[in-house]
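One structure is given here, and the rest of the page talks about it.
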Amino acid sequence: MPLAVGCDYGKRRVEPPPPPPKVSFLALDREHQRLVRDYEPVSSALTGYELAFRDWRLGRLSQAELVRRARSYAGVVRHSRALVSGDRTTGETRRAKGLLVESLSARAAALAALPSLSAYRPRWNRSVVAARAGLTVLQDIRDRARLIPLPEDAVS
């Protein structure tokens, strides 16, 4: 069967879309500050949870108490995930937001998996990697825009 290929001789050229409008430095900073502010309760509550997890691993805390504290921390994580998911972002900041939401989703799944460490560990590690990646994307954007860096412990 013959194959026919048509050609319009350049009459219907498709132009690439125009670049998105530049976001002002102030608007970009506000986007980033909002993301970090909505994520920050997770970072603040992390120390208490990590201490409880360590105490459980050392036998100083019961499994029931660990699960109770993990559920409490999971509530903070879910609330922050809802806030970060609802934040409006533009341009490259969307990628950072996606990584932060991915991190919070993985963290919530890890906490729900306790006390099963075999299910917990890969999810927890995924949450840490995604959070670091999200912060790195934000820092790279801020570096290019010559904005003040975010604190390293803003997202953990």
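Between the labelled values [x] 32, 15, 14; [y] 25, 17, 14; [z] 42, 23, 12, the entry that holds semi-axes √(5λ) of the Cα gyration tensor in Å as derived from this structure is [z]. Which of GLU65, GLU92 comes first, and how do the rest follow, when ranked by fewest Cβ neighbours within 10 Å? Ranking GLU65, GLU92 by Cβ neighbours within 10 Å, fewest first, gives GLU65, GLU92. The helix-only estimate of mean residue ellipticity at 222 nm for the chain, built from DSSP H runs of length n ≥ 4 each weighted as -39500 (n - 2.57), is -24500 deg cm²/dmol after division by the residue total.
For the stretch 70-156, trypsin sites (Lys or Arg not before Pro) are listed when DSSP marks them as loop and at most 11 other Cβ atoms sit within 10 Å of their Cβ; the list is ARG88, ARG146.
FYI, it's all coordinate maths here, none of it is from the lab. As the structure is a computational prediction, the values presented were derived from the model and not from experiment. Backbone-built Cβ (ideal geometry, glycine too); neighbour counts: all protein chains shown.
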